[in-house]
Amino acid sequence: MQDEPFTPVEATAAETAATSGKPDGPAEACRAPARQARRRYQALAREHGEEAALTHVEVRRRVLVVDDEPDMVDNCARILKRAGYQCLTATDPQRALALVEAERPDLMLTDLKMPGMDGMEVLRRAREMDPALPVIVITAFATIESAVAAIKDGAFDYLPKNFSVDQLRVAVERGLRQRELQLENRNLREQLQGTLGFENLIGRSPAMIRVFELVRKAARSDANILVLGESGTGKELIARAIHANSPRAAQAFVPVDCASLPEPLLESELFGHEKGAFTGAVKAKRGLIEVADRGTLFLDEIAELPLTLQAKLLRVLQERQLRHVGGTAQIDVDVRVVSATNRDLREAAAKGQFREELYYRVNVIAITLPPLRERAGDLKLLAHAFLKRYGGERVTGFEDAALGALEAYGWPGNVRELQNVVERACALADGDRVTRVDLPDYLLQGGAVRQTGGGAAPGAPLPSSDDLPLKDAKDRWMRVLEASYLRELLGRYGGNVSAAAKAAGIDRKTFHRLINKYQIRG
């Protein structure tokens, strides 16, 4: 089959010829990934019409076509849409740059000669906004010099008019492949720089050995995982290890703190929004679920997700589709969800504070992390690991008395609290070893903290104020009063942080910070 020349007059005939014959040659390998999406789109278009097909099928790979000739823009867009891509179009370079900033296309196709701003300037400005954006330059005035200049300035490819339909498709598919590889490489570099693998999960206790074995098995599957454990036990580290050892390791790991954002902002952050969806929405924005497409979404403190958003999340997990706030298009997403909480979700579901259907969706595999006090022998390993991180070459060990004080303490804040204590001790140590003097006073008092978890339990005696100045005694009594108030309020509302925060007259983020400060568990 001969390639038909691509001109405005002959574009439709060329498209028909290119799709009707038997595919072969090098173009076939590049067309294959788009064929399934194109067939799905065409089937929906035959059944429901083209507009309905575009509403039901949101093509993830978006191509921006820029040319001052409307016929060229329309014909390129029509061919690429039939190949399974979503097309954005512009006949004005300034409009094109605005689309690059607002819509973040996956590839840009731009003419070289345009009034007002040429294609080389559009190329440079677009890549300043998105350095990974592949740009294909097209021109009717092709010269070797202009091609070399375009490639030097960062263009991915250079197509002289009249190019064929196959040449256009192959160039676009190759450009998109390069973008995917760049994003995969960036994700892998970020993972190598972070604390992601099993080598960063420290522990030899029988309880942690069981956790590591379960993590290895769970990582190789695609099932949703719920990580349970007290605050500070390392739930995010486990989530990152699951991702790093899964088939999705080359894709993004996207963490979301469900407790730190108010409901309207959290909805926009998770699901994305369209321009004008609400006051301040000056441009469209992808949600974090969409950003995590083909990767892992980590929902930390999922128990704090408002019920209305729980319903939307449940639909995403069931249908594998989402809709932007203020939008109508259904967007396909493929995410593996790892959730974490320090609350009993089964009990919360029984009380109507968490949707039962969502509980079963996120809890396909449950991994329970033991608190530090139940990890026999791990404290010394962790303490030395943190000492190596924060002490460097200056502080190289612990005195026996200091290590004994660490082992005697109850650690209500778990590994996070131990990390904080060792970092503080390394900063204050005068010599090359951490001593008891370098440890905080509350830790050396030991027993009371282990009993109370940061505040006095109901009915417990108030702390002694002997030999304390008025200011220090007042501060100590106020901490006890504040912790008791928070614990009583949280118990009254069955561990529901949102309801307790509302009753206290403070926002949920502040309430969550306070209960973490006093190590209060709902």
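Any read-out appearing in this document is the output of simple, stated calculations on the displayed coordinates, not a laboratory observation. All values derive from a computational prediction rather than experimental measurement. We place every Cβ from the backbone using ideal geometry, glycine too, and count neighbours over all the protein chains shown.
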Of the trypsin sites (Lys or Arg not before Pro) in the range 298-406, which ones lie in a loop per DSSP and count no more than 13 other C-beta atoms within 10 Å?
Arg320, Lys351, Arg394
A 22 angstrom limit on the alpha carbon distance is what I want to check against. Which of Lys235/Lys285; Lys217/Lys312; Lys235/Lys380 exceed it?
Lys235/Lys285; Lys217/Lys312
At R0 = 56 Å, how high is the FRET efficiency between Gln330 and Val148 if r is their beta carbon distance? Nearest 0.05 is fine.
0.80
Starting from the Cα of Leu181, step 7 Å along the direction of its Cβ; do the same at Ala132; then give the gap between the two resulting points in nm.
1.4 nm
